[in-house]
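So the structure is just underneath, and the comments pick up after that.
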Amino acid sequence: MCGIVGYIGNNLCKSYILKGLERLEYRGYDSAGFACLDTDTYRINHQKAEGQLINLINKLSDQAIDSHLGIGHTRWATHGKISEENAHPQLSCHKKVAVVHNGIIENHLDIRSNLEAKGHTFLSQTDSEVVAHLGEIISNKTTKDDVINIVTSLQGAYACLLMSSDCPETLIAIRKGSPLCIGLGHEQIIVASDPFAFAGQTNQVLFLPDQSFALISKNIVEVYDFSGHTLDVPISQVDITWQDDEKLGYKHIMLKEIYEQKNAIQATLSNCKQLDLTLWDQLGLTAQRVENLRSLALIGCGTSWHAGRIAQFFFEMICKVPTRVVLASEFRYAPFFHEENTLYCGISQSGETADTLECLRLLNTLDVPTMALTNVESSTMVRETGGFLLTKAGQEIAVASTKAFSTQLVALYWLAHRIALQKKYITMESMDRAHDDLLITAEILENSIEHYRIVIEEKLAPYYAQFKRFIFLGRHIGYPFAMEAALKLKEISYIFSQCYPAGELKHGPIALLDNDTPVILFSSLDERVYPKILSNAQEVKARNAHLVAFVFEGQDELQQLADCVFVFPKVHPLLAPLAMTGLMQYWVYSIANVLGCAIDKPRNLAKSVTVE
Ligand code: F6R
């Protein structure tokens with residue numbers, strides 16, 4: 001995690017770097033820092049602040065430090081507590097070299113003790129500081145060999161930017177594992193973890209290949225691999241826009257994004273439809289391969305993993321393809337059994353999540369078909385997988401995922417139908433019906449928020465905000481959805497929330513039921529499952545626990561049992577989670593809002609998790 005930005009060009013580095021950091025703050029907001037080279041004294045000036053970027057901006061506002069060369073950082077703490085000493089840039093002895101780093105230097109303790117034995121003094125607890133000390137070999141005659149010297153000492157995954165007062169016309173960018181890209185402007189170059197940092201300034205982007213580094217001056221970028229061979233990296237045109245007025249009148253970005261879901265679903269669906277002729281090509285498949293497809297593996301983390309767990313029902317029930325859904329962080333180190341005709345699909349809003357990305361990279365080395373379902377076209381996953389499908393949620397900024405989740409469900413539901421059509425399990429008519437069902441469900445998603453908005457805001461949220469813990473229950477397709485609801489509540493309100501498959505309640509967790517632990521139950525439209533859900537609700541009420549039920553029209557017995565009900569119009573049974581998504585998110589959001597939580601940037605979290 002962490003966001004890094006570097007600038008070389010005219011005397012404007014402060015404004016470019018702070019603007020870039022603002023846009024990368026989603027990657028971590030534990031502390032921030034900035035360094036630039038003072039060209040009169042040839043010394044490195046720096047400033048750091050604990051907490052969100054605004055604290056750094058305030059500190060810098062009355063300081064006239066700026067220059068043609070600078071670096072900046074926004075941190076998600078891994079090594080060392082949150083403090084100014086541990087904020088980046090990290091500096092070498094005598095402040096000759098400054099470094100910003102994203103990733104983990106795994107052998108930092110060994111390097112540190114070697115350097116300490118040679119007389120270096122360390123001031124922080126970070127793994128990153130070793131890079132600054134190693135950087136002391138940089139001189140005004142710096143060559144690629146100096147950088148190779150530095151990288152050969154380092155183990156782990158990292159993206160680093162280095163500047164040295166001895167080498168005032170060069171910015172050094174190194175990439176292994178963690179992302180780094182270079183925006184080429186007119187007589188100025190901006191380097192960042194993500195092209196959003198310079199959107200609007202330039203759309204000419206050089207994505208630094210993995211295990212490479214660049215020596216960057218105002219007009220020239222030289223790229224080398226770690227053996228010193230020159231790399232000829234193509235310049236991509238990346239057309240991304242950054243929406244500056246993020247809240248558009250909403251109290252929080254998360255609330256705005258909850259309300260953007262209907263449009264995001266429509267945009268995702270029309271993107272899917274437009275692809276029809278080129279779809280298999282874009283997914284790195286052929287029609288023949290799809291017809292022969294025997295199994296699917298969906299890989300993701302957090303909310304994206306939940307979307308995969310729900311989509312398992314789509315693929316198994318609609319196109320009859322056995323599907324397993326794996327947590328990326330577990331799959332990577334589990335034994336791998338090659339299965340013919342299996343497609344591996346990474347699901348990731350950002351397209352950068354290290355756990356998922358590393359799984360896909362591993363699979364690429366095994367020469368099995370990989371694809372990514374992601375929301376970011378310029379992401380590493382799009383570039384590195386065999387194929388990709390895009391959700392069109394638009395930029396998702398709030399840390400808690402909302403519209404990315406619903407659009408993932410939409411894209412996966414549509415894809416399951418498209419595979420079924422290719423395998424001739426369904427007709428074009430069913431395909432069109434699926435499309436219409438999705439649009440109807442998107443309407444319900446939005447209308448249900450409006451229907452309950454006032455009662456939630458005025459009555460229900462203040463009431464439920466008093467509880468210290470919740471139990472979430474669901475069955476069948478509703479179980480992964482209940483997991484998503486529990487994750488959302490704990491992420492943004494810090495209330496302890498545990499989720500169980502409703503049928504498992506009686507096998508142990510029922511012991512937890514008491515007056516202080518509300519149970520949130522998500523109903524099902526599957527005729528086989530609903531009666532079982534009803535029994536589970538009865539078990540809860542028999543123990544006098546407080547029951548909140550998300551139910552569908554006509555499910556009268558469940559409605560009568562619950563202490564609080566939210567009723568939804570009926571949809572296709574597989575779309576029940578999508579229908580309930582907006583209201584579930586709004587209910588959770590409203591509780592966190594009553595508690596006054598930092599909803600858009602919850603404590604300890606970051607939007608893009610680029611360390612394993
Ligand atoms: C939860 C949330 C996280 C992400 C997870 C994967 O609200 O946002 O759980 O879903 O970190 O991120 P992506 O989808 O970018 O791979």
Could you list all residues from region 488-532 that are over 18 Å from Leu460 (Cβ atoms), touching a residue at least 12 places away in the same chain (Cβ under 8 Å) and of a type in the set (A, V, I, L, M)?
Ala502, Leu505, Ile510, Leu512, Leu513, Leu525, Val529
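Look at region 510-537 and say how many of its residues are of a type in the set (Phe, Trp, Tyr) and in a helix (DSSP H, G or I).
Filtering region 510-537 for residues of a type in the set (Phe, Trp, Tyr) gives 522, 530.
Pick out the ones that are also in a helix (DSSP H, G or I) and you get 530.
Residues in region 510-537 being of a type in the set (Phe, Trp, Tyr) and in a helix (DSSP H, G or I): 1 in total.
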Of the conditions (1) more than 16 Å from the ligand (Cβ to nearest atom); (2) within 18 Å of the chain's Cα centre (by Cα), Val399 fails just one. Which one is it?
(1)
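What residue, of Val548, Val571, Val540, is in a strand (DSSP E or B) and over 30 Å from Lys81 (Cβ atoms)? Quick ask: steps written out before the conclusion?
Numbers: Val571 fails: in a strand (DSSP E or B); Val540 fails: in a strand (DSSP E or B).
Selected residue: Val548, the only one of Val548, Val571, Val540 that is in a strand (DSSP E or B) and over 30 Å from Lys81 (Cβ atoms).
Of Ala311, Ala328, Ala307, which residue is of a type in the set (Gly, Ala, Ser) and more than 10 Å from the ligand (Cβ to nearest atom)? It would help to see each step written out before you state the result.
Numbers: Ala328 fails: more than 10 Å from the ligand (Cβ to nearest atom); Ala307 fails: more than 10 Å from the ligand (Cβ to nearest atom).
Step by step, each of Ala311, Ala328, Ala307 is checked, and only Ala311 is of a type in the set (Gly, Ala, Ser) and more than 10 Å from the ligand (Cβ to nearest atom).
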Across region 465-496, which residue is nearest to Phe315 (Cα to Cα) among those that are away from the ligand (no atom under 16 Å from the Cβ) and touching a Leu at 6+ places or on another chain (Cβ under 6 Å)?
Leu473
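Of the residues that make up region 522-538, is at least one under 21 Å from Glu260 (Cα atoms), crowded, with 17+ Cβ neighbours inside 10 Å and more than 16 Å from the ligand (Cβ to nearest atom)?
If we filter region 522-538 for residues that are under 21 Å from Glu260 (Cα atoms), which is where we start, we get none.
No, every residue in region 522-538 fails to be under 21 Å from Glu260 (Cα atoms), crowded, with 17+ Cβ neighbours inside 10 Å and more than 16 Å from the ligand (Cβ to nearest atom).
One line per residue, one yes/no per condition, for (1) of a type in the set (D, E, K, R); (2) in contact with a Phe, Trp or Tyr (Cβ under 7 Å, 6 or more places away or on another chain); (3) surrounded by fewer than 23 Cβ atoms within 10 Å (Cβ to Cβ); (4) closer than 30 Å to Glu22 by Cα:
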position: Phe552; (1), (2), (3), (4): no, yes, yes, no
position: Asp563; (1), (2), (3), (4): yes, no, yes, no
position: Asn593; (1), (2), (3), (4): no, no, yes, yes
position: Lys607; (1), (2), (3), (4): yes, yes, no, yes
Within the set of pairs 6+ apart or on separate chains, which have a first residue in region 280-300 that is in contact (Cβ under 8 Å) with a residue 24 or more places away in the chain and among the small types (Gly, Ala, Ser), a second that is part of a loop (DSSP other than H, G, I, E, B) and within 16 Å of the ligand (Cβ to nearest atom), and C-beta atoms under 8 Å apart?
Gly284/Thr385; Gly300/Thr353
Scan region 148-179 for residues that are crowded, with 24+ Cβ neighbours inside 10 Å and outside any strand (DSSP E or B) and report the count.
2
Which of the residues spanning region 205-220 are without any contact (Cβ under 8 Å) to a residue 60 or more places away in the chain and buried (at least 16 other Cβ atoms within 10 Å of the Cβ)?
Leu206, Leu208, Asp210, Ser212, Ala214
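Working only within region 343-393, note down all residues that are assigned to a helix (DSSP H, G or I) and either more than 14 Å from the ligand (Cβ to nearest atom) or not aliphatic (A, V, I, L, M) (or both). Full working, then the answer.
In the first step, residues of region 343-393 are kept if they are assigned to a helix (DSSP H, G or I); the result is 354-365, 380-384.
Matches in region 343-393: Asp355, Thr356, Glu358, Cys359, Arg361, Leu362, Leu363, Asn364, Thr365, Thr380, Arg383, Glu384.
Report, by residue number, each residue of region 271-288 that is touching a strand residue (DSSP E or B) at 6+ places or on another chain (Cβ under 7 Å) and among the small types (Gly, Ala, Ser).
Pass one, region 271-288, residues touching a strand residue (DSSP E or B) at 6+ places or on another chain (Cβ under 7 Å): 271, 282-285.
Selection gives Gly284 alone.
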Report, by residue number, each residue of region 367-420 that is modelled with pLDDT under 95 and of a type in the set (Lys, Arg).
Arg383
Just the residues that are in contact with a helix residue (DSSP H, G or I) (Cβ under 7 Å, 6 or more places away or on another chain) and β-branched (Val, Ile, Thr), please, taken from region 539-571.
Val551, Val565, Val567, Val571
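When you scan region 205-255, how many residues do you find that are among the β-branched types (Val, Ile, Thr) and assigned to a strand (DSSP E or B)?
Just the residues of region 205-255 that are among the β-branched types (Val, Ile, Thr), to begin with: 205, 216, 220-221, 223, 230, 233, 235, 238, 240-241, 253.
Okay, now just the ones that are also assigned to a strand (DSSP E or B), so 205, 216, 221, 223, 230.
Adding up the residues that qualify gives 5.
Please report, ordered by residue number, the strands (runs of 3 or more DSSP E) entirely within region 1-113 with at least 2 residues that are over 25 Å from Val151 (Cα atoms).
Numbers: elements: 3-8, 31-38, 43-50, 69-75, 97-105.
Strands (runs of 3 or more DSSP E) meeting the threshold: 31-38, 43-50.
Which one of these is surrounded by fewer than 23 Cβ atoms within 10 Å (Cβ to Cβ), aliphatic (A, V, I, L, M), within 22 Å of Asp194 (Cβ to Cβ) and at pLDDT 90 or above: Ala49, Ala35?
Unique residue meeting the criteria: Ala49.
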Lys247 being modelled with pLDDT under 95 and away from the ligand (no atom under 16 Å from the Cβ):
yes
Please find, within region 443-487, the residue that is nearest to Gln585 (Cα to Cα) out of those that are in contact (Cβ under 8 Å) with a residue 40 or more places away in the chain and charged (D, E, K, R).
Glu484
Residues of region 574-611 satisfying the condition of being of a type in the set (A, V, I, L, M, F, W, C), more than 16 Å from the ligand (Cβ to nearest atom) and in a helix (DSSP H, G or I):
Leu574, Leu575, Ala576, Leu578, Ala579, Met580, Leu583, Val594
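Here is a check on your reading of the model: is Ala372 aliphatic (A, V, I, L, M), more than 17 Å from Asp210 (Cβ to Cβ) and crowded, with 22+ Cβ neighbours inside 10 Å?
The answer is no for Ala372.
The values are calculated or read from the model by the stated rules, or taken from the named source; none is laboratory data. As the structure is a prediction and not an experimental result, all values here were calculated from the model. Note that each Cβ is placed from the backbone with ideal geometry, even for glycine, and that neighbours are counted across all protein chains shown.
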